[in-house]
Amino acid sequence: MENISDNNLAPLTSGDDELYSGGSFCSADLGLMLSLGHAEVYCPPRKRSRISGPFVVEDRSKGPSLDDLPDECLFEILRRLPGGRERGAASCLSKRWLMLLSSVRSSEICRSKSYTNLNDSTMISKDEDLEVECDGYLTRCVEGKKATDVRLAAIAVGTSTRGGLGKLSVRGSNSVRGITNVGLSAIAHGCPSLRVLSLWNVPCIGDEGLLEVARECRSLEKLDLSHCPSISNRGLVAIAENCPSLTSLTIESCPNIGNEGLQAIGRCCNKLQSLTIKDCPLVGDQGIASILSSGASMLTKVELHGLNITDFSLAVIGHYGKQITNLCLSSLRNVSQKGFWVMGNAKGLQSLVSLTITLCWGATDVGLEAVGKGCPNLKRMCIRKCCIVSDCGVVAFAKEAGSLECLNLEECNRITQIGILKAVSNCRKLKSLSLVKCMGIKDLALQTSLLYPCESLRSLSIRSCPGFGSTSLAMIGKLCPKLHKLDLSGLCGITDAGLLPLLESCEGLVKVNLSDCLNLTDQVVLSLAARHGETLALLNLDGCRKVTDASLVAIADNCSLLNDLDVSKCAITDSGVAALSRGVQVNLLVLSLSGCSMVSNKSVPSLKKLGECLLGLNLQHCSISCSSVELLVEDLWRCDIFS
């Protein structure tokens, strides 16, 4: 090309620093350049051109490239890379190379005996979602927008040098480039040691992806499929036939999985210990019975929710569930009283420790009594939304279940305080009683002289039962003299007169929750601090609007072991906070003053003193300025402050 002299450059250098939107090539010059062959052309887009034509950097001919090779040839080259570091570097070159590398099975990698790379075993990933579990294997959780096939392929290639993943959880999928069978197949090829697989809400993954997992990941132990509409019995059968070490299976809202898949699990997976099936319309008695009745069944945990099963399945559970310790039955609308009666009288649930029954129309008084007789080792019983269960059933169950330690009743509206009191009196080993939203309880005075105190009861929780008032509370107090935990949140009907006898009869309360008990006053807190101050560790007075600074003074003087105090929306002022800061609360870790509008900037010095040991401080909706809060944040750097 012709040289350009200094004289030709002179007129072009007068405006070195002026910026222009960019020029265009002269058509004649451009034609000349193109006639020279392939050349890289440099032309600054915004700086004024210093020469009248484009500047030639290099003139060369296009050479051959690996990208011109077909996938089959490139696959053979990539599988011969000597080590994990080399494969990882190659996967970064292009998406095509990454996907080809992720399709290479571990058994297909050609490893030279003479090649050793210490970096392969010591390489540590810096990804934010890669962890090492206590069992020693790698785990990965991919959520939302990150859940793509390319992401899974990168995970498979990146972890293959360390034996691959041991656990993979996928939560959701990218709405544009969601995970498909391609991504799951990449995991299967690169992570043959996968032991735990959890797929939630991935509609594009079907049987083909699960088939690859079944072929490659023979050590799979736990499988969780939730909202996977494209997976059917075919995929589950493959898992059953190829993964004999499966110990835990969870299937939720998978409309195409039915009895055939579960029958295969029953035939092949003799080590299965945990089974959870929810909202699968094709699952019926045949599938459940085949798993439970298999000769080598080791099931210890069974949870069935929203299935089209009948009394037959409950009969099978009662007869064959000899190893079951935890059983949850929920929304089984085709199960009648007969099913629960047979399950109890079959006498097979000898090892059952925990039973939860929710929204089952067949759970009646007769069935409940039979369950109590047939489960001699039952310790925890939870009954939710069973509207037919009444006082007779609860009392009969309490008499039969001699080992019962924990009883939870929620939204059982035919149960009254008579049934509660008699059940408590009959359970000699009962340690915990919880009542939630039981609308049938009325505040009536009853004769309790014939009832025995429950010396073993340590925890009493009565929440959101509007009919439970001071009279009922006083009677409960007489039967529970050794409470340690008391939760009466949401009981608007109780007053000081009803709660004080219970506080006086108890010895050594540790945790007390009185949130939203609107009618309680300082008198209760004063009694609580005086009688239980040496043991009290948690006190929740959220929403007790009649509690004032006097309560904080009593707490400051008596409650030396208190570590969690909530006085949100109480009538607390700066004086109360100052009194608390002068107290003996050396163990106070969490303090909530949310909604205390009379707490102002004057409390900042007191809060600084309290903050020396605090880990959590809630100042939302107080009258403390933003600048004061910022000062607190700087001084109390160990404490999480909400404002």
For the range 518-535, just list the computed ³J(HN,Hα) in residue order, Karplus coefficients 6.51, -1.76 and 1.60, θ = phi - 60°, integers in Hz, with x standing in for Gly and Pro. 5, 9, 7, 10, 4, 4, 5, 5, 4, 5, 4, 5, 6, 8, 10, x, 6, 10
May I ask you to list the residues of the range 464-480 whose amide nitrogen lies under 18 Å from a point 7 Å from Cα along the Cα→beta-carbon direction of Ser527? 468-480
With a Förster radius of 30 Å, plug the Cβ-Cβ distance of Ser331 and Glu241 into 1/(1 + (r/R0)^6) and report the FRET value to the nearest 0.05. 0.45
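Could you sort the peptides 394-403, 367-376 by per-residue average Cβ neighbour count (10 Å cutoff), highest mean leading?
On the way: 394-403: 21.6, 367-376: 23.5.
Those peptides, ordered most packed to least, come out 367-376, 394-403.
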Going toward the positive end of the dipole of the range 210-364, with +1 on Lys and Arg Cβ and -1 on Asp and Glu Cβ, which of Ser293, Pro244, Ser274 do you reach last? Ser293
Toward the positive end of the charge dipole of the range 416-507, about the Cα centre and with charges on Cβ (Lys, Arg +1; Asp, Glu -1), which of Leu491, Leu430, Thr471 goes farthest? Leu430
Whole-number D in µm²/s for the range 416-507 (Stokes-Einstein; Kirkwood sum over Cα pairs; 20 °C, 1.002 mPa s): 167
Using the basic label-point model (7 angstrom from Cα toward the beta carbon), what is the Gln620 to Val586 distance in nanometres? 3.3
With the range 508-642 reduced to its Cα atoms and the Debye formula applied, log10 I(q)/I(0) at q = 0.10, 0.11, 0.20 1/Å amounts to -0.27, -0.33, -1.14
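Probe radius 1.4 Å, ligands and nucleic acids ignored: give me the carbon and sulfur share of the accessible area of the range 416-507 as a rounded percent. Walk me through the numbers before you get to the answer.
Working: 2130 of 3760 Å².
Answer for the range 416-507 is 57 percent, counting heavy atoms of protein chains only.
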For the range 477-482, just list the computed ³J(HN,Hα) in residue order, Karplus coefficients 6.51, -1.76 and 1.60, θ = phi - 60°, integers in Hz, with x standing in for Gly and Pro. x, 5, 8, 10, x, 10
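Using a Förster distance of 41 Å, how high is the FRET efficiency between Val510 and Ser219, based on the Cβ-Cβ distance and rounded to 0.05?
Numbers: r = 45 Å, r/R0 = 1.10.
My answer for the efficiency is 0.35.
For the pairs Lys347/Lys399; Lys442/Lys546; Lys222/Lys338; Lys437/Lys511; Lys167/Lys431, flag any whose C-alpha to C-alpha distance is greater than 29 Å.
On the way: Lys347/Lys399 17 Å; Lys442/Lys546 25 Å; Lys222/Lys338 34 Å; Lys437/Lys511 21 Å; Lys167/Lys431 38 Å.
From Lys347/Lys399; Lys442/Lys546; Lys222/Lys338; Lys437/Lys511; Lys167/Lys431, over 29 Å: Lys222/Lys338; Lys167/Lys431.
From largest accessible area down, sort Arg531, Arg582; use a 1.4 Å probe on the protein chains.
Values: Arg531 125, Arg582 165 Å².
Sorted descending by solvent-accessible area, the residues read Arg582, Arg531.
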Highest mean packing first, using Cβ neighbours within 10 angstrom, the peptides 189-195, 572-578 sort as 189-195, 572-578
Other-chain or far-sequence residues with amide H under 5 Å of Glu303's (modelled H): Leu275, Thr276, Ile277, Cys328
Any idea how far apart Lys478 and Gln350 come out in nm if each label point goes 7 Å out from Cα toward Cβ? 4.2
By how many nm would the segment from Lys429 to Val176 grow when fully extended, if each residue of separation counts as 0.36 nm and the alpha-carbon distance is taken off? 85.4 nm
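Under the 0.36 nm per residue contour assumption, what length would be gained going from the current alpha-carbon distance of Gln323 and Thr535 to full extension? Mind dumping the intermediate values first?
Values: separation 212, 0.36 × 212 = 76.32 nm, distance 4.03 nm.
So the extension gain works out to 72.3 nm.
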Any idea how far apart Cys387 and Arg638 come out in nm if each label point goes 7 Å out from Cα toward Cβ? 5.4
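Per residue, how much accessible surface does the range 508-642 expose to a 1.4 Å probe? Answer in Å², no decimals. Intermediate results must be reported in sequence, preceding the final value.
Details: 5880 Å² over 135 residues.
Solvent-accessible surface per residue comes out at 44 Å².
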Hey, can you grab everything whose amide H is under 5 Å from the amide H of Arg140? Only 5+ residues off in sequence or another chain; H modelled, so Pro and N-termini drop out. Lys167, Leu168, Ser169
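Could you sort Trp200, Trp637 by accessible area so the largest value comes first, with the probe set to 1.4 Å? Spell out each step's value before the answer.
On the way: Trp200 105, Trp637 195 Å².
Putting Trp200, Trp637 in descending order of accessible area: Trp637, Trp200.
Rounded to the nearest 0.05, what FRET efficiency do Asn601 and Lys485 give with R0 = 30 Å and r taken as the Cβ-Cβ distance? Could you check?
Details: r = 37 Å, r/R0 = 1.23.
That pair, Asn601 with Lys485, gives E of 0.20.
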What's the center-to-center distance, using Cα atoms, between the range 249-308 and the range 611-643 in Å? 52
Output wanted: per-residue J couplings in Hz (rounded whole) for the range 620-631, from phi through Karplus 6.51 cos²θ - 1.76 cosθ + 1.60, θ = phi - 60°, x for Gly and Pro. 5, 6, 9, 9, 9, 5, 5, 5, 5, 5, 4, 5
Mind listing the long-range amide H neighbours of Gly595? Cut-off is under 5 Å, sequence gap 5 or more, other chains count too, H placed in the peptide plane at 1.01 Å from N. Lys569, Gln620, His621, Cys622
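The values are calculated or read from the model by the stated rules, or taken from the named source; none is laboratory data. None of the values given here were measured: they were computed from a predicted structure. With ideal geometry, Cβ positions are generated from the backbone for all residues, glycine too; neighbour counts draw on all protein chains shown. These accessible areas exclude ligands, DNA and RNA; they are computed on the full protein's heavy atoms, side chains included. Shrake-Rupley method; radii C 1.70, N 1.55, O 1.52, S 1.80 Å.
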